[in-house]
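These notes concern the structure reproduced below.
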Amino acid sequence: MSGPSNFKPKSAILQWTERRLPILGLMHSSFVAYPTPRNLNYWWTFGGILSFCLGVQIITGIVLAMHYTPTVAGAFESVEHIMRDVNYGWLIRYVHANGASMFFIAVYIHIFRGLYYGSYKEPREILWILGVIIFLLMMATAFMGYVLPWGQMSFWGATVITNLFSALPGVGPKIVELLWGGYSVDQPTLQRFFSLHYLLPFMIAGVVVLHIWALHEVGQNNPAGIDVKSDKDTVPFTPYATAKDNFAMICFMIFFAWFVFYIPNYLGHADNYIPANPLQTPTHIVPEWYFLPFYAILRAIPSKLGGVMAMFGSIALLAFLPWLDRAKTRSARYRPLFKQFFWVFVIVCIGLGWLGSKPAEGAYVIASRILTAYYFIHFLVILPLLSYYEKPAPVPASIADSVLGNQPLAPARVKGSR
Amino acid sequence: MTLEAFNRGAAIGRILPIFAGFAPRIGATADVQASPFRGVLLEARPLRRDDGKDRNLATTKTMNGEQPTRRDFLYIATGAVGAVGAAAVAWPLVHQMNPDASVQALASTEVDLSPIAEGQIVTVKWRGKPVFISHRTKAEIQAAEATPLRDLPDPQPDSARVQKGKEQWLIVVGVCTHLGCVPLGHQGDYKGWFCPCHGSHYDTSGRIRKGPAPANLVVPSYTFTSDTMVRIG
Ligand code: HEM
Ligand code: FES
């Protein structure tokens, strides 16, 4: 990782160690001396918050796994046993279950931050794509975790989602059998989901390392969306970013704790406290809130294969974003039109989430179709066109100027700047 | 390169026509000093030889990408064998996920039909899934038989979904062909089944009529072992 570090530990023992494994120097250059743009706002604290969330899920998860039984006959009961008998089991489970939601709240803020400030643009394409991969792994992990308590929603969620693969022409049904290890969601499915649910968070941790490596190679973007030009534009990570990150994290923990202690089941679904019954589907099945926008897209398309493709496509599209939005100006601050479309897009995503929680009938379906179409149009039509036709506002000459309010402006980029 | 090696190259070309292109080109580089590194050094790198002169061996024709050498062939061959080996190891790791012997062994179920009253649908479990056994009324059979095929998204006559002489018994897998929910009996616009998950309507023959499901409810293979006993699977 980059950043100037002439780090030399004081104690002789650490110097001895450092000559053999320069890990303290790496930490120092990455998290102490590392120069961060001086204009970062609180939207930039969510990276740290996300690392915190991953840590929380791994620690609480390992503890849950000490008491959990991955069998069709025992899973539901073992979760109730965690809730009633295990010392502080209720706390650990509620932290884990709500932790998943907190993780997604943080990741959605983090993603929309990137969308607003153009953090996916050159030279951060790989950084962005690694982020999309982390998002996909998170979705897979959360989906499989939700199956483990083996309630009605667990079972039917697993059935519906694995059945998405049956839409693939020809091989689809075979793939579904492969995923299930049988002819329906059953013991082999539960057991392998447990194994993978344990594994994937560690894979996420691995990709996070790559993500941070790429970040420290190209440097952080910032609210002005302009490159760091001199030392005047940056401050050292510690104490500046560390303090800000810590403050934000504590606020986040308060929010998190409010859910855990006061409304631990608010984000969950009551039907998941009914043991799984393979012969009866609940009348209204919905996924966890964080999947709702994608679920709405799935149901908006009246064909099975089409719906599945639109759903996966809506996520895959994100990976291509750096090449769909070619505008040179990064930050929405200096892109008056883009800024408006950004907020429309946010509303569309929230609208899709709301529609995903409604039954798929009548006006809801029509609305889902309109918003789904808009979702794709935003990426495939609006962003490419804006890159050509929008006239960006002049950007400040440097980060220092943008902070200090000096307005010696860089020459405005010409229309269709490419 | 020795003549022997050239001949070997040509022989490979004769045996495996896809490598035919290699043979003459292997020959064409034969004038270049044989060196264990030749062909390895695709990037230009000076190499000292005994005579003390720097020679950039990579400036053979190999560098233009035109002249695959015997060594290139060996790389490709080694890589190919390695890939086959990796696939051979990967297959058991993938196949272990498929239904195992104990799951397959439970693949048939016997059901006594005598307690099922006319107009009643019972659900039995087969391979972990629900199977609907519907004892259809005259009206239901008639409705199913009278439906013109052109009204069906997945056209199939009722006669293809029941056994001859046993038209009162409709046996279908109770799994919605959309995404696998269990539809509810005697409901929906066609009074067959209705799937609450995403709104698919099936008729009294278990055929899809309306909604996102692409196909009719699946008829499993079954045989009547006696007048009142049926074996599914
Ligand atoms: C990316 C990180 C993770 C996410 C997003 C996540 C998500 C989830 C979710 C949503 C549930 C269902 C909670 C419920 O409704 O009861 C769950 C359950 C569970 N998870 Fe995780 N998890 C993560 C990491 C881990 C790890 C690392 C382990 C084990 C080492 C683990 C072990 C468990 C166990 C044993 C359960 C079942 C008990 C229960 O339902 O509370 N999880 N997880
Ligand atoms: S699963 Fe039956 S309509 Fe979707």
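All of the numbers you see were taken from the coordinates with simple rules; none came from a lab. All values reported here derive from a predicted model rather than from experimental measurement. Positions of Cβ are generated from backbone atoms using ideal geometry, with glycine treated the same way; all protein chains shown enter the neighbour counts.
Some points to look at:
- Cut-off 20 Å (backbone N to label point 7 Å along Cα→Cβ of A:TYR273), residues of region A:129-167: A:146-157
- Relative to one another, the C-alpha centroids of region A:134-191 and region A:281-300 are positioned 15 Å apart.
- Alpha-carbon geometry of region A:286-390: the Rg and the Dmax are 14.5, 43 Å, given in that order.
- Cα-centre dipole for chain A with unit charges at Cβ (Lys and Arg positive, Asp and Glu negative), debye to 20: 1340 debye
- Residue order, fewest to most beta carbons within 10 Å, for B:CYS195, A:CYS53, A:CYS251, A:CYS349: A:CYS251, A:CYS349, A:CYS53, B:CYS195
- The C-alpha atoms of chain A define a longest principal axis, and helix A:304-319 lies at about 30 degrees to it.
- Ordering A:ALA310, A:VAL286, A:LEU321 by the projection of their Cα atoms onto the charge dipole of region A:286-390, which places +1 on the Cβ of Lys and Arg and -1 on the Cβ of Asp and Glu, puts A:LEU321 at the extreme positive end.
- GNM result for chain A, Cα springs below 10 Å: residue of A:SER387, A:SER368, A:SER11 fluctuating most strongly: A:SER11
- Highest average packing first - A:143-152, A:320-329, B:125-134, B:143-152, Cβ atoms within 10 Å: A:143-152, B:125-134, A:320-329, B:143-152
- For region A:285-293, 3J(HN,Hα) computed residue by residue from phi via the Karplus equation (6.51, -1.76, 1.60; θ = phi - 60°) reads 9, 9, x, 4, 4, 5, 9, 4, x Hz, glycine and proline entered as x.
- Legend: mean number of C-beta atoms from other chains within 10 angstrom of residue C-beta atoms, peptide A:174-183, equals 5.
- Divided by 2.2 N^0.38 Å, where N counts the residues, the Cα radius of gyration of region B:115-233 comes to 0.97.
- Calculated log₁₀ intensity ratio I(q)/I(0) where the Debye formula runs over C-alpha points of chain A, q = 0.10, 0.14 Å⁻¹: -0.80, -1.36
- The long axis of helix A:362-377 is offset from the longest Cα principal axis of chain A by roughly 30 degrees.
- Model label sites at A:ILE263 and A:HIS284, defined 7 Å from Cα along the beta-carbon direction, differ in position by 1.7 nm.
- Restricting region A:10-92 to chymotrypsin sites (Phe, Trp or Tyr not before Pro) in coil, as DSSP defines it, with at most 14 other Cβ within 10 Å: A:TYR88
- Between B:VAL172 and B:PHE132, B:SER134, the built amide H atoms are under 5 Å apart, and every one of these is 5 or more places off in sequence or on another chain.
- Subtracting the Cα-Cα distance of A:LEU317 and A:LEU199 from 0.36 nm times their residue separation leaves 39.8 nm of extension gain.
- Farthest positive-ward along the protein assembly as shown dipole, Cα basis, beta-carbon charges - from A:PHE255, A:TRP90, A:PHE31: A:PHE31
- Unit charges at the beta carbon, dipole of chain A: most positive-side option, A:HIS269, A:GLN152, A:LEU200: A:LEU200
- Residues whose amide H comes within less than 5 Å of that of A:GLU390, counting only those at least five positions distant or on another chain, are A:GLY416 (H built at 1.01 Å from N in the peptide plane).
- A:ARG84 paired with A:ALA393, simple spin-label distance in nm, labels 7 Å along Cα-to-beta-carbon: 6.1 nm
- Spin-label model, A:ILE250/A:TRP343: points 7 Å from Cα along the beta carbon direction are separated by 3.3 nm.
- Förster radius 25 Å - calculated FRET efficiency between B:LYS164 and B:THR137 (Cβ-Cβ, nearest 0.05): 0.85
- In straight-distance terms, cross-link reach from B:LYS191 covers every one of the lysines whose alpha-carbon lies under 21 Å from its own, apart from those fewer than eight places away in the same chain; here that gives B:LYS138, B:LYS166, B:LYS210.
- Average partner coverage of A:279-287, which counts Cβ from other chains inside 10 Å: 5
- Residues with amide H under 5 Å from that of B:THR204, placed H, sequence gap 5 or more: B:GLY192
- Principal-axis tilt of helix A:89-117 within chain A, Cα atoms, nearest 10 degrees: 40 degrees
- Here's the list of aspartates and glutamates a cross-link from A:LYS174 could span, going by alpha-carbon distance under 18 Å and ignoring same-chain residues fewer than 8 apart: A:ASP186, B:ASP100.
- Only helices enter the 222 nm calculation for the protein assembly as shown: every DSSP H run of n ≥ 4 contributes -39,500 (n - 2.57), and dividing by all residues gives -15500 deg cm²/dmol, rounded to 500.
- Under the Karplus curve 6.51 cos²θ - 1.76 cosθ + 1.60, θ = phi - 60°, whole-Hz ³J(HN,Hα) for region A:22-38, x wherever Gly or Pro sits: x, 6, 5, x, 5, 4, 5, 6, 8, 10, 10, 7, 3, x, 10, x, 7
- GNM top mover of A:GLU80, A:GLU18, A:GLU177 - chain A, alpha-carbon springs below 10 Å: A:GLU18
- Considering only alpha-carbon pairs that sit under 8 angstrom and 6 or more positions apart, the relative contact order computed for chain A is 21 percent.
- Inter-centroid distance (Cα atoms) of region A:55-129 relative to region B:69-142, Å: 32 Å
- For the peptide B:122-129, the mean number of other protein chain Cβ atoms found within 10 angstrom of a residue's Cβ is 4.
- 25 Å Cα-Cα reach of A:LYS339 towards lysines, excluding residues that sit fewer than 8 places from it in its own chain: A:LYS121, A:LYS328, A:LYS391, A:LYS415
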